[in-house]
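This is the structure, below, for whatever I ask next.
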Amino acid sequence: MYEYSYLYGIIAFVPIWLYCFIVRPDLRPAMLILSFLFGIGGVLSNFFVYGHDWWEPQFITGTTIGVEDFLFGFFFSGSAAVFYEIVFNKTYKERDQAPRFPIRFRYIALTVCSLFFGSALIFNFHSFSATVLTFGISTLYLLSQRKDLIPNSIFGALFAAFLAFLFFGIPELLTAGWVESTWSFQNLSGTFILHVPMEDFVWFVMAGAFIAPLYKFWKNFRSVRFVVQESAEEAYQASNKVVTEPERD
């Protein structure tokens, strides 16, 4: 009955992702890189951790691993990564100041994966506790090194909260009872923020706060005002355009 519910929630992200991708070609590298990375992360985290004590989603394929996990990570992270730049008309520019410590993606990935999978699989933390620990430590470290990214992180958290209401609202509207039948409430608080389970709301907020400034931290970029520049040919044609009245007999 609920095999399409997860997909309905993901579809709510697609128009936002496509809009960002279409209107801002300069942000496409960040979107694609983070979308694919967190898409893979979505599959691994749900299979090894979240699916054991948080929820038991049904997939359209009827298997224990579904493409929905990849699509969720893909469209959520890509949207959260660049929506600050979209709203405030910003783009990326390399900072003049070198980072205090060398930043390599492998270090970021190793830290995040070690915290999350280590705490959940080795120390048997509940997946919610592992999530709070991982996103909390990672985001605090990121912002301690780059205080200029704090506004970006806060906006990312607020935007992700909005996405949470979309993700839960649309499936519940179309397939009422999805959350009640899918979530493992015996392992959760049972508290809701509107129609969103409290733990999931926290997950969205913390994920948004981490993902929104992540690409700029990784690449040592800062946000600057985005200015659309015409090509030389377009400018020349515009300056020499002549509108004439049709000849009359």
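Throughout, read-outs are computed from the coordinates displayed, never taken from laboratory work. It should be emphasised that the depicted structure is a prediction, and the values quoted were computed from it without experimental measurement. FYI the Cβ positions are ideal-geometry reconstructions off the backbone, even for glycines, and counts take in every protein chain you see.
Considering only the other residues whose Cβ falls under 11 Å of the Cβ of Arg95, what net charge follows from Lys and Arg at +1 and Asp and Glu at -1?
Computed value for this residue: +2.
Gain in length, Thr111 to Glu180, computed as 0.36 nm per residue apart minus the alpha-carbon separation, to one decimal in nm?
Between Thr111 and Glu180, full extension yields an extra 21.5 nm.
For the chain, place one equal point scatterer on every Cα, skip the solvent, and apply the Debye formula. What is log10 of I(q)/I(0) at q = 0.15 Å⁻¹?
-1.06
Here is a further query. Report the charge-dipole magnitude of the chain in Debye, nearest 20, computed about the Cα centre from +1 at each Lys and Arg Cβ and -1 at each Asp and Glu Cβ.
Using Cβ point charges on Lys, Arg, Asp and Glu, the chain gives about 1200 debye.
If you don't mind, another one. Quick one: if you stick a label point 7 Å off each Cα along the C-beta vector at Leu32 and Tyr141, how many nm between them?
Here the modelled spin labels are 2.9 nm apart.
Follow-up question, since we're still on this one. Compute the acute angle (0 to 90°) between the alpha-carbon long axis of helix 127-145 and the principal axis of greatest extent of the alpha-carbon atoms of the chain; round to the nearest 10°.
Result, in degrees: 40.
When only C-alpha pairs under 8 Å and at least 6 residues apart count, what is the relative contact order of the stretch 5-226, in percent?
Once divided by the residue count of the stretch 5-226, the mean separation gives 32 percent.
How compact is the stretch 123-216 by the rule of thumb for globular proteins, expressed as Cα Rg over 2.2 N^0.38 Å?
1.19
Between Arg95 and Glu3, what FRET efficiency comes out of the Förster formula 1/(1 + (r/R0)^6) with R0 = 51 Å and r the beta carbon distance, rounded to 0.05?
FRET efficiency, Glu3 to Arg95: 0.60.
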